[in-house]
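Asks: The following block contains the structure, expressed as structure tokens.
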Amino acid sequence: MGPSKLLFFIIILAACLTQIAADIYTPSIPAIADHFDSTFQWVQWTMASYVFGVAVSQLFYGPLSEGIGRKKPIIIGLGIMLLGSLLAWMSTNVIFLIIARLIQGIGAGACAALWRSIIRDVLSGAQLAKYGSYFAIVITFVVPAAPTLGGYFQEYFGWQASFVFMIFYTLIALVTFVYGFSETSVHHHPDKINYTFAKDTFATLIKSPLFMGVTVCTFLSYGSLFASITIAPILLIHHLEMNTVAFGWLMFMGTALAYSLSGFTNGKLVTRFGIVNMMRLGLFIMLIAGILMLMVSTFFELSVLSVVLPIFLFYYGSTFIWPNAFALAFSPFGHIAGYAGALYGAMQIGGGAVITGLVSLLPESNQITLAMTILCTTSLAWIVLEKISAKPKEITAN
């Protein structure tokens, strides 16, 4: 039995918030650099600081939710998110904006950490993988709309409008969780937020080869995703002079198509072929995307097609990774889903912070940079997955 329609909507609202806040301002990256008379590398740090805040804060929200439930930590996080959005809107220089984005990330970390835990509270096993894929379909029609909306905001109102939108989105989410969400956790207890329990619980997760191996795969794949999010507007808007509205629509249509096709296929095939094989398929497609991007950047001039085709192929492959990795990692840990969600989410989003930060340090943000990032991270993820699959008893047991 799946979640109720109201709970489904609330989970979607929470799950989308983190990614929408990350993506909505991306069409404005070149304009923000111009506005603050800054470099692209400094503006890319606004993404790195945001995802760093999301990653680290989850290690707080997860344990807190094991002690007091899911509802109160999410409400706290949304309050912090609201503050960060207000500060981002009022930013007067790029450093101020980087700090505001960090605060946004610290607030958004509550939703990032706990929406998966809420799903795990009500679902498990194959149902978890199945509904995880269906959530992915809905989310990937909502989240890709963020750059589209951001493109219109940039074209007609300027870069600050994206942060005004996040102020209203956060307010709606806050009211919805206060008045429409009923607690889903049945295992939370105040004793679970003491230091000894937290240390022992995180140690249990860290010592699990299955949990950590799968989580490392998401760390690496998310890192490449966020690298593409920050590099794509530089290539398309700055170098190819694409209109910000056209950029937004292109990203929406391509990303939504790639994600929805992948999510639908995974939802239909995962029970037949298994979680690990579907993850292998995703990694194979991601490798092809990296190779294709490297080839077109070497032999052809920069063009819209040479940028978007490999990126959308990468997006298609990556959607086979996340719902399956989530189900595989979480299934044995329903009794500590808050802690599992915190560590899993921290490492997943942490991949975006670390790899985007590293990319920001490079002198050029171009196709070759992105291609090599995809190839390196995907190859490492495949190696890790094969090490996990070498222990079939642990996987079968879950």
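Asks: Here is a list: 90, 81. Which entry is within 21 Å of residue 164 (Cβ to Cβ) and free of Cβ contacts under 8 Å to residues at least 24 places away in the same chain?
Replies: Numbers: 81 fails: free of Cβ contacts under 8 Å to residues at least 24 places away in the same chain.
Just a single option satisfies the conditions, and that option is 90.
Asks: Are there helices (runs of 4 or more DSSP H) fully within region 286-398 with at least 1 residues that are crowded, with 24+ Cβ neighbours inside 10 Å and modelled with pLDDT of 90 or more? List them.
Replies: Details: elements: 304-318, 322-330, 337-361, 367-389, 392-396.
Fully inside region 286-398 and qualifying: 304-318, 367-389.
Asks: Filter region 246-265 down to the residues that are more than 19 Å from the chain's Cα centre (by Cα) and buried (at least 18 other Cβ atoms within 10 Å of the Cβ) and list them by number.
Replies: Scanning region 246-265 gives 247, 250.
Asks: OK, next. Quick one: count up the residues across region 171-206 that are farther than 11 Å from residue 336 by Cβ and either assigned to a helix (DSSP H, G or I) or touching a strand residue (DSSP E or B) at 6+ places or on another chain (Cβ under 7 Å) (or both).
Replies: Result for region 171-206: 18.
Asks: Wholly within region 1-93, which helices (runs of 4 or more DSSP H) include no fewer than the required count, namely at least 2 residues that are modelled with pLDDT under 90 and either within 23 Å of residue 361 (Cβ to Cβ) or of a type in the set (Gly, Ala, Ser) (or both)?
Replies: Working: elements: 5-23, 29-35, 40-68, 71-89.
Qualifying helices (runs of 4 or more DSSP H): 5-23, 40-68.
Asks: Within region 249-285, track down each residue that is among the β-branched types (Val, Ile, Thr) and either under 27 Å from residue 369 (Cα atoms) or outside any helix (DSSP H, G or I) (or both).
Replies: Looking only at region 249-285, we keep the residues that are among the β-branched types (Val, Ile, Thr), and these are 255, 265, 270-271, 275-276, 285.
Hits for region 249-285 are 255, 285.
Asks: Out of the residues in region 197-209 that are surrounded by 18 or more Cβ atoms within 10 Å (Cβ to Cβ) and of a type in the set (A, V, I, L, M), state the one that is nearest to residue 333 (Cα to Cα).
Replies: Restricting to residues being surrounded by 18 or more Cβ atoms within 10 Å (Cβ to Cβ) and of a type in the set (A, V, I, L, M), the top hit is 205.
Asks: Go through (1) of a type outside the set (Val, Ile, Thr); (2) in contact (Cβ under 8 Å) with a residue 24 or more places away in the chain; (3) farther than 28 Å from residue 47 by Cα for residue 299 and report which single condition fails.
Replies: (2)
Asks: Going through region 248-290 one residue at a time, which ones are in contact (Cβ under 8 Å) with a residue 60 or more places away in the chain, within 23 Å of residue 228 (Cα to Cα) and of a type in the set (Val, Ile, Thr)?
Replies: Residue satisfying the conditions is 255 alone.
The values are calculated or read from the model by the stated rules, or taken from the named source; none is laboratory data. Predicted, not measured: the structure shown is a model, and the values here were computed from it. Because the Cβ atoms are built from the backbone with ideal geometry, glycine has one as well, and the counts that use them run over all protein chains shown.
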